[in-house]
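Q: Structure incoming, see below.
The values are calculated or read from the model by the stated rules, or taken from the named source; none is laboratory data. Worth saying up front: this structure is predicted, and the values here are computed from it rather than measured. Counting neighbours? That spans all protein chains shown, and the Cβs are built from the backbone with ideal geometry, glycine included. The accessibility values were calculated without ligands, DNA or RNA, using every heavy atom of the protein model including side chains. Shrake-Rupley method; radii C 1.70, N 1.55, O 1.52, S 1.80 Å.
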Amino acid sequence: YIVAAVFTLGLGFPELARTPLTVFSTIALAATLGASTCTFSHTPELFPPQARVLAMGVCSACTRLGAAAAGYIVSDLIPPLPCACIMSAFALLSAFGASRIKETAGAHIDAQEIDTSDDESSSESGSNEEAAEKSPVSAHALT
């Protein structure tokens, strides 16, 4: 996000030649896409399994709102340098937010973990009762 913020500021100077503007925009876009991909792949681990779908839905909705607002920010209504400063500020805000995400490596998930073994291994191991003992899913769900 910090790389994106720095190169986004370069887009505030439209009087530059086409080549530097292309380099600024390409690096800013690549940095933003890379950082947001990492953030969105790590974020679901922060929520309990029951809330992950709702939490990711809310995050996705916020992304859509930002994309809708971008059309008004990046327009002829706002001059290029203030527009670049606004986008750079949001990239820095994202960098700050991403730096505050806690590490989840080795963390215990508070909710029930579901056994991810496929149906073949459970049918080879015996009856539904044995599969129910291995998995926290109720025996009624297996029958």
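Q: Looking at ALA55, ALA30, ALA84, ALA69, which is the one that is in contact (Cβ under 8 Å) with a residue 60 or more places away in the chain and either surrounded by 12 or more Cβ atoms within 10 Å (Cβ to Cβ) or aliphatic (A, V, I, L, M) (or both)? Explain how you work it out, then say what you get.
A: Working: ALA55 fails: in contact (Cβ under 8 Å) with a residue 60 or more places away in the chain; ALA30 fails: in contact (Cβ under 8 Å) with a residue 60 or more places away in the chain; ALA69 fails: in contact (Cβ under 8 Å) with a residue 60 or more places away in the chain.
Answer to the check: ALA84.
Q: Could you list, in sequence order, the residues of the stretch 33-50 that are open to solvent by less than 60 Å² (accessible area, probe 1.4 Å) and not polar (S, T, N, Q)?
A: Correct list: GLY34, ALA35, HIS42, PRO44, LEU46, PRO49.
Q: Related question: For the stretch 27-65, which residues satisfy the criterion of being within 19 Å of VAL3 (Cβ to Cβ), modelled with pLDDT under 85 and not hydroxyl-bearing (Ser, Thr, Tyr)?
A: CYS38, PHE40, HIS42
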